[in-house]
Amino acid sequence: MGAQLLAFSHIEKAAGTTFIHVLRRAFPLSYIDARPMSKGHGNVLSDDDLGTLLSCNPMAKAIGGHSVYPYTSLGVPDRELRYVTLLREPVSRTVSHFRFWRHRMGHQHSAEEFLEHPVSTNFQVRKIAGTDDIDKAKDMICSRFLLAGTVERFDEFLLLFSRFAGLPRQSLVYSRENTADRSSHLDVPADFESRIAAQNELDIALYEWVTNELRASYIARFGSDFESQLVEFQEQVRTTGVPRAREWLSNFYRGLWLKPVSGLIRVRNGLTYSGVYAAER
């Protein structure tokens, strides 16, 4: 097996934008914003898409995006893919997804229509496993993932990521990105959240497994100094700010090379220049 390639599967409304900014700074010249490069696979990154992106930067060490689905067994020769993802408490994630649709995407779905849409039901399990199969999702996390964490313990997730990926903690200092405006009103029935909970039993079970059992195993692997290291990292986040030089370098690389080249390839293949999906919503 060749060099490791980290693949971040960005679950919608689960702090993925913040973590992508972290990845861009951690790998300023070797991170790729993954997006479909050709038609025929919908919004799912294919092996051919990944191969095209890696031809733009053969030295890439990490990719990430909404189109990275672990169940596809994505891969390229001589690279070992290890997935990373963040889960979020399922009810709050689903409510946030609805808020995003209404106030950022301009969708006119009512609460009732949203509850009938697939994104409102076990979205996180299906993002990982491709189906409503929690055992498959767990097996995939255990066998194919470097790390699966939760939004609610984001600092812990980053500290574990720094150790498991062999990255300096300073490169992972962050600020929150793309946070939702919760002041906007949502017209929903009184039982909206309870109905979401009833529709997301598998997501809730997966979230609890990651929060309790899997998290404990990660901390045991990290070592006995986990708590003290976490306090130190949180102090770094509070006092030092993001590494701006890495951010500028990343922006330079993406703006002058990766986005233009990948965008032109998309246009040649009949897709839009910008955007992260094969067909924009």
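Structural remarks
- For region 64-80, the tally of residues that are under 19 Å from the mean Cα position of the chain (by Cα) and not in a loop (DSSP other than H, G, I, E, B) stands at 6.
- Near pairs, Cβ below 7 angstrom, 6+ apart or cross-chain, from region 30-58 (farther than 17 Å from Gly275 by Cβ and part of a loop (DSSP other than H, G, I, E, B)) to any residue that is charged (D, E, K, R) and open to solvent by 30 Å² or more (accessible area, probe 1.4 Å): Ser30/Lys61
- Test: residue in region 254-270 that is touching an Asp or Glu at 6+ places or on another chain (Cβ under 6 Å), in a helix (DSSP H, G or I) and not small (Gly, Ala, Ser): no
- When the test is whether a residue is open to solvent by 30 Å² or more (accessible area, probe 1.4 Å), over 15 Å from the mean Cα position of the chain (by Cα) and without any contact (Cβ under 8 Å) to a residue 60 or more places away in the chain, Lys61 passes it.
- Only one entry in Glu213, Glu208, Glu156 is in a helix (DSSP H, G or I) and more than 20 Å from the chain's Cα centre (by Cα), namely Glu213.
- Subset of region 14-44 (residues that are more than 22 Å from Glu247 (Cβ to Cβ) and surrounded by fewer than 22 Cβ atoms within 10 Å (Cβ to Cβ)): Ser38, Lys39, Gly40, His41, Gly42, Asn43, Val44
- Selection status of Glu201, in contact (Cβ under 8 Å) with a residue 24 or more places away in the chain, more than 21 Å from the chain's Cα centre (by Cα) and closer than 15 Å to Leu87 by Cβ: yes
- Test: residue in region 132-149 that is farther than 20 Å from Ser217 by Cβ and either touching a strand residue (DSSP E or B) at 6+ places or on another chain (Cβ under 9 Å) or not in a helix (DSSP H, G or I) (or both): yes
- Being surrounded by 11 or more Cβ atoms within 10 Å (Cβ to Cβ) and free of Cβ contacts under 8 Å to residues at least 60 places away in the same chain holds for only one residue in Phe222, Phe226, Phe252, and it is Phe252.
The values are calculated or read from the model by the stated rules, or taken from the named source; none is laboratory data. Fair warning: this is a prediction, and the values are worked out from it, not measured in the lab. A quick note on method: Cβ atoms are made from the backbone with ideal geometry, for glycine too, and the neighbour counts reach across all protein chains shown. What goes into the accessible areas is simple: the full protein's heavy atoms, side chains included, and nothing from ligands, DNA or RNA. Shrake-Rupley method; radii C 1.70, N 1.55, O 1.52, S 1.80 Å.
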